Amino acid sequence: MGKYVGQSVVRIDGPERVTGKAVYAPDIQFSDMLYGAVARSSHAHALLKEVRTEKARRFPGVRAVITGDMLPYMFGNMIADQPFLARGRVRYNGEPIALVIAESELEAQMAADAVEASYEDLPAVFDVFEAMKEGAPLLHEDQHAYRRDAGRYPALEHTNICNETSYELGDVAKAFARADHVFEHCFFSHPTSHCAMEPFGSVARYDAVTGRFTLWTTTDAPHRRLGELATIFNTGQENIRIITTAQGGGFGGKGCLYSEVLALAGALFAKGRPVRYVFSREEVLSMSGTRMGAWLRLKSGVMNDGTIIARSADVVWDNGAYSSKSPEVAFRGTTTSVGPYSIPNLSIRARLVYTNNYPSTSFRGFGTTQSAFACEVHMDMIAAALGLDPLELRRRHAYKEGCSYINGQTMISVGLPETLEKAAAAIDWGGPRPKARPGKAIGRGIACMIKGTNTPRCVNCMASLRQDGSVLLHVGTMEIGAGQRTAMAQVAAETLGVSLERIRVPQQDTDYTPFDFGTTSSGSTFHMGNAVILACQKLLADLYARLSAHFGLPADAFSVADDRVRSADGSVDMPLAAALHAVLPRGGDIIGESMYTPAGMDMLKAWPGVEKWSSAFWMFSTHAAEVEVDLETGQITVLRLAAAHDVGKALNPLHCVQQIEGSVIMGSSMALGEEYRYAEDGRVLTDTLLDYKIATSKDMPRHIEPILVESEHPFAPYGAKGVGEPAAGCTPPAIVNAVHDAVGVWMTHLPMTPEKVLMAIRKHQGT
């Protein structure tokens, strides 16, 4: 444990958040502001014959009404398949067809409601399996013409399949043939909403003289959004500036373009005035992306002693109408569907399917949450059929140090076995159970998870040591509510020997902040932490060289600690500020800059053709749940949930605990209540928080026990990996397995509402 690294320190942005001083995108105001609102389609799939805007243009305060034919742009993270506003066709109920900008939000919305459109209905398809059938109505007949990385995401013409992936290790058919038992089960993981604290929102201004956009927004990757927007608008990156705002949670949704494209589109027609577009909560729940729905079929070949010798996974993902980040989510989620287990023969297949449902996108876990649910319930089903202890079955197959991942990558810093033991011990696995109350049943369940990170990626950092001994740390890492700015400040303070309170980490501004791949995939601590160390080391090298020249001592004789500069022989011992004045009498900053990427690391070497599967580090977790099931109502109450996470090294234990606690609540909410419901015409019925049941304080597990397992990673900053994404993925299957232990029923379709559980119990009992 260092002076700052490994310490539970309060977040540096805490005061501004709890006092209301933090500025979120919806808080941005300018005196000459215009406001945006959209008119939306009432059809799931139709030719858009005409959009009539005459009435809307006559409303007071309206400054422009924009339709799709006025914006010849397409966007999408991996495949540019989505128009700003529908052009010629609508593909889901609620798709924007016109944008109004006006002097007030009320005037904009009233005018948007007055927009009229005529349609010619087309057959709609909401079921992924129906969408894949021959003769199904095609959503994207010209998908071959979309801008895409054709090498990774080739177009599959004349189908609704957006992307398809397959992979095989070993001789799967032969292994299944010699297995003593073959188990096959199907699962469904449902869409859920990100439900961040604040809705999506952006403010944009366009300067026609300079041809430059300025965008104030909430995003997890400002530099990547900068590149995407420059491509979309066919301009140079120097012509777009993104200034980030505070965020109340990202969860994957802040990695997509929603309000940004609408605000920028409005700004083009606003004659230099800023345009503000903020989603209503109804729009968040019916127009932004969701966690992808997934149908997973797992099949395992098992010997009599419980050894799993083969596994196949066939996953069908519901892309919705447009792809956003879904192709990569589907790929990464499917590769982890076989679980964190050493199995010699594997077959993996994934299909990402266009439907007329609400679009999907990335969500915390990046597909691994859906996969973990299926895999871990499947593991318990195998254990139950063979009369094995579910914990023992996992012990036998769990990845250990030095195991090979399915692509051949050697795995290091593997704390999975320890998470298994500690989570199980925390709920007294195998010990006596609490006595169930009348009409109730108690059960225990366990589940594991593996999560990699998006690798390789590149990040930059610049650290400036000011004349007074303070440090300005420029990182591209976004603060998305998890304490990223604090963690980077801790790394810098530890490396430089400067007090934590003397380090400032400003919000990101693409005109001044160096490049960062993005605060995604639980990779910021690892990647940007390494960049911070490198930048600080370069800064210190420059400082020591100047001290050497000034004092006539070797550069390696100096050190900085506790804001003081000292020499090994004791002749120099002074405040850092005084030393800086001595070596820089005319003023100036000492600057250290770095670029970090893990590309080329030995651990990233994988089989030819599958390098993209490699990960700079792997995260592991195990959750163990104890639940109570009401036999009369089907209500599930989570009594205890132990969440053991391999974090590598906890830079800030307090933040890690908070991440885990919040994630367990999110996972419980996903498992037990959150559910999208649709009308027959594809309209979202659950578009308010009255109808979309997200967990409240009354629905939380009675007791959450976060457990930090530290398997320090040799290539990580002070050994730290990540914790943000895998923390939610184990909770649903742990609860499912505990429910089976309690009442003998398998819940293979999420969410586990009381109605579903009660019906399953009655069916199981034959009543």
>> At 20 °C and a viscosity of 1.002 mPa s, what translational diffusion coefficient does Stokes-Einstein give for the stretch 32-123, taking Rh as the Kirkwood radius over Cα pairs? Give it in µm²/s as a whole number.
In response: 160
>> Neighbour counts of other C-beta atoms within 10 Å: give me 747, 601, 33, 292 arranged from fewest to most.
In response: 601, 33, 747, 292
>> Between the stretch 251-307 and the stretch 524-544, how far is it from one alpha carbon centroid to the other, in angstrom?
In response: 34
>> Please report the net charge: other residues with Cβ closer than 15 Å to the Cβ of residue 562, K and R +1, D and E -1.
In response: 0
> For the chain, which DSSP H helices look membrane-span-like by this rule: Cα extent along the axis of 24 Å or more and mean Kyte-Doolittle of at least -0.5?
Replying inline: 368-386, 524-551, 653-672
> Amide H to amide H under 5 Å from residue 269: which residues, 5+ apart in sequence or cross-chain, H placed 1.01 Å off N in plane?
Replying inline: none
> Across all directions of projection, what mean area in square nanometres is found for the Cα convex hull of the stretch 105-227?
Replying inline: 15.6
> So which lysines can residue 55 reach, going by Cα to Cα under 27 Å and dropping same-chain residues fewer than 8 places off?
Replying inline: 271
>> Given the -39500 (n - 2.57) contribution per DSSP H run of 4+ residues, what per-residue ellipticity at 222 nm results for the chain, rounded to the nearest 500 deg cm²/dmol?
In response: -8000 deg cm²/dmol
>> Quick check: the distance between the Cα centres of the stretch 432-476 and the stretch 349-380, to the nearest angstrom?
In response: 21
> Karplus couplings for the stretch 699-704 from phi (6.51 cos²θ - 1.76 cosθ + 1.60, θ = phi - 60°), rounded to Hz, Gly and Pro as x?
Replying inline: 9, 6, x, 4, 9, 10
> To the nearest 20 debye, what is the magnitude of the charge dipole of the chain about its Cα centre, counting +1 on the Cβ of each Lys and Arg and -1 on the Cβ of each Asp and Glu?
Replying inline: 240
>> Bins of 10 Å, beginning at zero and ending with the bin holding the largest distance: percent of Cα pairs per bin for the chain, please.
In response: 3, 14, 23, 24, 19, 11, 5, 1, 0, 0
>> Among the listed pairs 21/693; 451/693; 325/721; 440/756; 440/698; 435/763, which have their C-alpha atoms separated by more than 22 angstrom in this model?
In response: 21/693; 451/693; 325/721; 435/763
> Which order do 378, 740, 527, 397 fall in if you start with the one that has the fewest other Cβ atoms within 10 Å?
Replying inline: 397, 740, 378, 527
> Excluding same-chain residues fewer than 8 positions from residue 299, which aspartates and glutamates have a Cα within less than 15 Å of its Cα?
Replying inline: 168, 171, 180, 184, 314, 376, 380
>> Taking the Cα centroid of the stretch 45-107 and of the stretch 637-662, what is the distance between the two, rounded to the nearest whole Å?
In response: 44
>> Output wanted: per-residue J couplings in Hz (rounded whole) for the stretch 50-55, from phi through Karplus 6.51 cos²θ - 1.76 cosθ + 1.60, θ = phi - 60°, x for Gly and Pro.
In response: 7, 10, 9, 10, 4, 4
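Computed from the coordinates by the stated procedures, all read-outs in this text should not be read as laboratory data. Being a predicted model, the structure only gives us computed values, none of them experimental. Don't worry about glycine lacking a Cβ; one is built from the backbone with ideal geometry, like all the others, and counts go over all protein chains shown.
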